[in-house]
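In what follows, a structure is listed as structure tokens, so that the remarks can point back to it.
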Amino acid sequence: MKKYLLISLLGLTQLVQAQTKTTDELDKKYEGLSLYFYKNTLRMLNQKDDKDFDALIKDIEKMKFMMIDRAKSNFSDSDFKKLKSGYQSESYDEMMTSRFQGRNFNVYIKEKDGRVKGTVILASDSSNLYVLDILGRVGLDKASSLFNALNQSGDIGQRVKDFVGKDDKKKDGKKKGQKKEDNEEND
């Protein structure tokens with residue numbers, strides 16, 4: 001089952017485009033992790049048949065998940081303000097801001113004929129920016145739950161941890177090499 005999930009995830013990255021121009025431009029400008037999901041792919045993540053997760057994704061047609069290392073990409077606070085302005089220029093209205101587990105959340109929705117057609121969830125902390133660009137909707141009270149669900153998924157959580165851990169491994173290698181050189185100088 002996990003092999004099929006991984007193959008589906010990798011295949012979808014080639015087929016899906018962002019739901020918003022702003023997300024598409026962000027993806028082109030900054031290097032980071034980008035994953036794409038359709039409703040059936042999201043359902044495959046629910047290997048425990050969690051009814052709450054099913055309810056969470058029931059109104060999502062497709063979704064793009066992005067993660068950008070702020071320091072590595074030189075993504076500043078002014079870049080974040082421009083990003084928010086970009087969504088607003090595409091007729092997305094900011095519906096909610098909150099803070100949960102050390103992250104700031106901004107939720108934007110786009111409505112047409114009284115129905116939510118698109119949802120963008122921005123989550124940021126001191127080191128990373130996370131973007132969920134959703135064709136469809138997620139309950140405003142469930143925005144942070146969707147991030148937790150993605151993080152708790154074995155395959156996605158591991159890819160995120162691997163992405164974040166790349167720089168940590170490089171830094172640790174330099175520190176270890178540096179300590180070794182320092183010890184040799186002291187001998």
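Restricting attention to the range 93-127, the residues that are in contact (Cβ under 8 Å) with a residue 60 or more places away in the chain and over 13 Å from the mean Cα position of the chain (by Cα) add up to 1.
Search the range 46-61 for residues being under 19 Å from GLN19 (Cβ atoms) and of a type in the set (A, V, I, L, M), and hand back the single one that is modelled with the highest pLDDT.
ILE60
Filtering the range 30-70 to residues that are under 16 Å from TYR130 (Cβ atoms) and either assigned to a loop (DSSP other than H, G, I, E, B) or among the basic types (Lys, Arg) (or both) leaves TYR30, GLU31, GLY32, LYS64, ARG70.
Out of the range 57-82, which residues are out of contact with any strand residue (DSSP E or B) (no Cβ under 7 Å at 6 or more places or on another chain) and either closer than 19 Å to GLU111 by Cα or of a type in the set (Asp, Glu) (or both)? Correct list: ILE57, LYS58, ASP77, ASP79. Identification of strands (runs of 3 or more DSSP E) wholly contained in the range 71-187 with 1 or more residues that are exposed (fewer than 14 other Cβ atoms within 10 Å of the Cβ) and at pLDDT 65 or above yields 93-100, 103-112, 115-124. Residues of the range 1-31 that are touching a Phe, Trp or Tyr at 6+ places or on another chain (Cβ under 8 Å) and either at pLDDT 80 or above or of a type outside the set (Ser, Thr, Tyr) (or both): LEU9, LEU12, LEU15, VAL16, THR20, THR22, TYR30.
The values are calculated or read from the model by the stated rules, or taken from the named source; none is laboratory data. Keep in mind it's a predicted model, so treat the numbers as computed, not measured. Positions of Cβ are generated from backbone atoms using ideal geometry, with glycine treated the same way; all protein chains shown enter the neighbour counts.
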